[in-house]
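The structure appears right after this line, and notes come after that.
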Amino acid sequence: MSSIKVRAKADGDVVTVKALMKHPMETGQRKDKSGNPIPAHYIQEVVCEHNGNVVMTALWGPSVSKNPYLSFKFTGGAKGDALKISWADNEGKSDSEEATIG
Amino acid sequence: MKSKRRLFLKGATSAGLIGVAVGAGLLKPVRVLAAAWPKTAFDADTTAAAMTEMFGSTEAAESGDIKVKAPDIAENGAVVPVTVETGLSSVESISIITENNPAPLSASFNLASNAEGYVSTRLKMGKSSKVVALVKADGKLYSASKEVKVTIGGCGG
């Protein structure tokens, strides 16, 4: 199962994209019960493509909340268009999810 | 015959070793997406340093055309909803800086020309702080800010 939930809605010409990702977003500043630092593990980049064109690139630091939420808007999209969201984290892991604009 | 068998076994062991190394994360797969991630800006521990690393300047004109929406009081610093909206034209990027966090630069959104001046996300805040939105529009930097009081910090543990 994908770690990303995307919903995109067209209202006239404007498309609102909302996405939720499942990720620990560990800052690297916390310590576990025995006092050892928990290594940083967070999403660094989120890219959203509409019909193959990049509309938004989010660059994140570790201070974005756990299981990050992201919303943005763009024009020029229509119902039925393809949307792709992908993320990459500081450990080199990544995931992506495709959705159609509703 | 015997020596060939030795050779084969040797090969098998070294292949096994490479597998272990990959598994342990010693040989990381090449990052494709995160190549442009501005590490120095995100590592900077002051707002000024983060701005210099990110934009090459600490100057931003205050703009009434930027709205920072965040709670006045955040009970839980681990999840503070922040929305930035701007009516400025030719917006290139929107960055969010949480001044009192250990690393102030929280997020930066690069927007394509057809994207609206709007981003919304949720941030962690260690303590009460000014949340600054920096909007790069038409090559210039504009800012607006909002004070958020945090009752329980979101960076401890």
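Within segment B:73-96, how many residues turn out to be under 16 Å from B:Asn110 (Cβ atoms) and at pLDDT 95 or above? Summing the residues that are under 16 Å from B:Asn110 (Cβ atoms) and at pLDDT 95 or above in segment B:73-96 gives 9. Within segment B:114-124, not a single residue is surrounded by fewer than 16 Cβ atoms within 10 Å (Cβ to Cβ) and under 19 Å from A:Asn67 (Cα atoms). In summary, B:Ala144 fulfils each of the numbered conditions (1) modelled with pLDDT of 95 or more; (2) part of a loop (DSSP other than H, G, I, E, B) with the single exception of condition (2). Looking across segment B:67-106 at every residue that is in a strand (DSSP E or B) and more than 21 Å from B:Ser128 (Cα to Cα), the one that is farthest from the chain's Cα centre (by Cα) is identified as B:Thr86. Within the bounds of segment A:4-23, is there any residue that is within 7 Å of chain B (Cβ to nearest Cβ), part of a strand (DSSP E or B) and in contact (Cβ under 8 Å) with a residue 60 or more places away in the chain? Within segment A:4-23 (the criterion being within 7 Å of chain B (Cβ to nearest Cβ), part of a strand (DSSP E or B) and in contact (Cβ under 8 Å) with a residue 60 or more places away in the chain), the answer is yes, since at least one residue qualifies.
Looking only at segment B:107-132, which residues are more than 7 Å from chain A (Cβ to nearest Cβ) and in a strand (DSSP E or B)?
Hits for segment B:107-132 are B:Gly117, B:Ser129, B:Lys130, B:Val131, B:Val132.
Residues in segment A:43-82 that are closer than 25 Å to B:Ala50 by Cβ and assigned to a loop (DSSP other than H, G, I, E, B): A:Gly61, A:Pro62, A:Ser63, A:Ser65, A:Lys66, A:Asn67, A:Pro68. Selection of segment B:45-64 for residues being among the aliphatic types (A, V, I, L, M) and either outside any helix (DSSP H, G or I) or farther than 16 Å from A:Leu59 by Cβ (or both) yields B:Ala48, B:Ala49, B:Ala60, B:Ala61. For segment A:83-102, taking the residues that are of a type in the set (Asp, Glu) and assigned to a strand (DSSP E or B), the one that is farthest from A:Thr16 (Cα to Cα) is identified as A:Asp89.
The set of residues from segment A:64-86 being more than 8 Å from every other protein chain (Cβ to nearest Cβ) and either touching a Pro at 6+ places or on another chain (Cβ under 6 Å) or within 21 Å of B:Asn101 (Cβ to Cβ) (or both) comprises just one member, A:Asn67.
The values are calculated or read from the model by the stated rules, or taken from the named source; none is laboratory data. No experiment lies behind these values; they were computed from the predicted model shown. Counting neighbours? That spans all protein chains shown, and the Cβs are built from the backbone with ideal geometry, glycine included.
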